[in-house]
1. For the list (1) among the β-branched types (Val, Ile, Thr); (2) surrounded by fewer than 16 Cβ atoms within 10 Å (Cβ to Cβ); (3) within 23 Å of the chain's Cα centre (by Cα), I need the number of the one condition that residue 64 fails.
2. Any chance region 175-184 includes a residue that's of a type in the set (Lys, Arg), open to solvent by less than 40 Å² (accessible area, probe 1.4 Å), at pLDDT below 90 and outside any strand (DSSP E or B)?
3. Could you list all residues from region 88-113 that are open to solvent by 50 Å² or more (accessible area, probe 1.4 Å) and polar (S, T, N, Q)?
4. Quick one: which of 17, 8, 43 is closer than 26 Å to residue 105 by Cα and either open to solvent by less than 50 Å² (accessible area, probe 1.4 Å) or out of contact with any helix residue (DSSP H, G or I) (no Cβ under 7 Å at 6 or more places or on another chain) (or both)?
5. When residues of region 1-58 are filtered for being in contact with a Lys or Arg (Cβ under 7 Å, 6 or more places away or on another chain), part of a loop (DSSP other than H, G, I, E, B) and hydrophobic (A, V, I, L, M, F, W, C), how many remain?
6. Being assigned to a strand (DSSP E or B) and either of a type in the set (S, T, N, Q) or without any contact (Cβ under 8 Å) to a residue 40 or more places away in the chain (or both) is the filter here; which residues of region 112-134 pass it?
7. Checking residue 13 against (1) at pLDDT 90 or above; (2) more than 30 Å from residue 158 (Cβ to Cβ), which test does it fail?
8. Which of the residues spanning region 76-124 are out of contact with any Leu (no Cβ under 9 Å at 6 or more places or on another chain), small (Gly, Ala, Ser) and modelled with pLDDT of 90 or more?
Amino acid sequence: NIYLTERFDVVNLKRRFEDSLDIRTEETWRVDLVTQLNAPFDFRYFQVAPYIQYRLTYYQEDLVGDSRARNMWTTGTRVTTQIHGTHPDVSWERAGVRGLRHVVEVEARYGNNFFTSVHETDLFPYEPVDQLDRFEEVAFEVRQRFLTKDGANKPFEFLNVMLRIEYYPNSLRDTTSARTSNFEP
């Protein structure tokens, strides 16, 4: 399976300052087009989902008042699996536990914003997308989910514990400050 995903945003960005500062309101239009090609495939016990993404962002005005178009290319992959077990005989009525389902989700992820035509410092930082830049990350995550049933016999999750380890191959570039690329795909 190959999936093509398109997202198109048009935004009128405004930054208004306190009237007493006597600074004019900054305003610009931004058009953001994101195209992602994703090719997930299943092995017996895990799924691999490589992707490539192209982002074209047009700004009516950048910091010096010129129109600007930014191209950004991103690639990566995600490997996931789940291990689970059901224990219907586990019960602790006082805590509301009526049976137990334990799900372990394991994920390894690699992402690389390997090309951008405009550095993030040349753009208005109105939203997180404006702060994306070259970035590379390898992450490993283990999530423990515990589910039980309520009085009406409907399942619900009562505990979710996660451990994540991140590695940055170019740490001098990617770990010098908080990066938008850590949480903005």
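1. Going through (1) among the β-branched types (Val, Ile, Thr); (2) surrounded by fewer than 16 Cβ atoms within 10 Å (Cβ to Cβ); (3) within 23 Å of the chain's Cα centre (by Cα) one by one, residue 64 breaks only (3).
2. At the first step, the residues of region 175-184 found to be of a type in the set (Lys, Arg) are 179.
Subsequent filtering for residues that are open to solvent by less than 40 Å² (accessible area, probe 1.4 Å) retains 179.
Then keep just the ones that are at pLDDT below 90; that gives 179.
Next, only the ones that are outside any strand (DSSP E or B) stay: 179.
There is at least one residue in region 175-184 that is of a type in the set (Lys, Arg), open to solvent by less than 40 Å² (accessible area, probe 1.4 Å), at pLDDT below 90 and outside any strand (DSSP E or B).
3. Passing the criteria: only 91.
4. Values: 17 fails: closer than 26 Å to residue 105 by Cα; 8 fails: closer than 26 Å to residue 105 by Cα.
The match here is 43.
5. Residues flagged as in contact with a Lys or Arg (Cβ under 7 Å, 6 or more places away or on another chain), part of a loop (DSSP other than H, G, I, E, B) and hydrophobic (A, V, I, L, M, F, W, C) within region 1-58 amount to 1.
6. Applying the first criterion (assigned to a strand (DSSP E or B)) to region 112-134 yields 112-116.
Once the filter is applied, which keeps residues that are assigned to a strand (DSSP E or B) and either of a type in the set (S, T, N, Q) or without any contact (Cβ under 8 Å) to a residue 40 or more places away in the chain (or both), region 112-134 yields 112, 113, 116.
7. It is condition (1) that residue 13 fails.
8. The answer is 76, 108, 111, 117.
The values are calculated or read from the model by the stated rules, or taken from the named source; none is laboratory data. The structure displayed is predicted, hence computed values, not measured ones. Glycine gets a Cβ as well: all are built from the backbone with ideal geometry, and neighbour counts include every protein chain shown. Just the protein is used for accessible areas: all its heavy atoms, side chains included, with ligands, DNA and RNA removed. Shrake-Rupley method; radii C 1.70, N 1.55, O 1.52, S 1.80 Å.
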